[in-house]
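Written below as structure tokens is the structure these notes are about.
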Ligand code: F6P
């Protein structure tokens, strides 16, 4: 019997279960059995796997998170981990593994493919939308919608109280969520990691708005934004290897209050952006990705990642997706400029 493995690695996001469901349905139609590998690459190393069939994957299309569990991936595995993973892969009888993840998950998969003969097909997920070689990584649309709804809610309270509200959204290295949710929510200022912030310039602009009678401002900021002259806002978390935000929203809010004298509040949206049910768009894209991933396995196109290019499902080499992060589209900055500080 032909066998496909599937794992979900790195940060979770809405749409993971839709991919799992799509892979199982398509694979069964093609005569494969599907093995679910638990908790990302850890499951392969620890031989923690289970069979996925129609029953297990029924009713999960709209469920957030991942029924397989995940683990935040490190960029590389140790030699002992690699050996264990390869041994378990060979023993399992799997023809290939579909690795659903972001940069680190895909990097490990690609290394296992190139150096150890593990057949890998990648599927891009990331609420940050920062993978290259694909116009879109699923999970992003849901995150943008959640953040937009929060901005709408904060808008009304900011206006009523004549306050500045700083809204910190996710995005350690790129500002995709900030810029898209900021545009959709009508933010007055959008601050992203791609462009360091001049805090004095920002405060002057906020004061100008006040002079024009706009007594409130909504400022959306990505967690990885750098404020010129102040400490870098990222640090390693104490537990685990992840880099996390050092409260850039709070830093900016404090500086604004101090420099303008206007009452300022901060709202950190955090993991709310990653949880819950996927939007219709994320369900559709993840379903299309899952079906294509099985087709690539069937055709023996390993070392490849499914991708969305000009609204068509294509595939590219995994190495091209992970070599460089996809920064925010310059066109979007032009849009932001039109509305900024008005
Ligand atoms: O990579 C996805 C992401 O949600 C980032 O936007 C965020 O910086 C990070 O993960 C948060 O990671 P953790 O769940 O470890 O706090």
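All of the numbers you see were taken from the coordinates with simple rules; none came from a lab. All values reported here derive from a predicted model rather than from experimental measurement. Backbone-built Cβ (ideal geometry, glycine too); neighbour counts: all protein chains shown.
Some observations on this one:
- Report note on the peptides 76-87, 314-325, 161-172: ranked by the mean count of other C-beta atoms within 10 Å, highest first, their order is 161-172, 314-325, 76-87.
- Between residue 116 and residue 271, the simple spin-label model (points 7 angstrom out along Cα→Cβ) gives 2.8 nm.
- Burial order of peptide ranges 10-18, 29-37 (average beta-carbon count within 10 Å, highest first): 10-18, 29-37
- The stretch between residue 295 and residue 215, if pulled fully straight at 0.36 nm per residue, gains 23.2 nm over its current Cα-Cα span.
- For the chain, modelled as a GNM whose springs connect Cα atoms under 10 angstrom apart, the maximal fluctuation among 54, 308, 251 occurs at 54.
- For the stretch 140-275, the fraction of alpha-carbon pairs in successive 10 Å shells from zero, as %: 13, 46, 33, 7, 1
- A full extension of the chain between residue 91 and residue 330 corresponds to an added length of 81.2 nm, given 0.36 nm per residue minus the alpha carbon distance.
- What the Cβ-Cβ distance of residue 317 and residue 76 gives, at R0 = 22 Å and to the nearest 0.05, is a FRET efficiency of 0.70.
- A full extension of the chain between residue 84 and residue 204 corresponds to an added length of 37.4 nm, given 0.36 nm per residue minus the alpha carbon distance.
- Efficiency of FRET between residue 153 and residue 247 - r from beta-carbon atoms, R0 25 angstrom, step 0.05: 0.70
- FRET efficiency, residue 231 to residue 160 (Cβ-Cβ, R0 30 Å, nearest 0.05): 0.35
- Largest GNM mean-square fluctuation across 48, 141, 128, computed for the chain with C-alpha springs under 10 Å, falls on 48.
- Here is the P(r) of the chain: all C-alpha pair distances, binned every 20 Å from 0, give 32, 50, 18, 1 in whole percents.
- Working ranking of peptides 296-306, 193-203 by packing, defined as the average number of other Cβ atoms within 10 Å per residue, highest first, is 296-306, 193-203.
- Expected-Rg normalisation [2.2 N^0.38 Å, Cα atoms] applied to the stretch 86-155: 1.52
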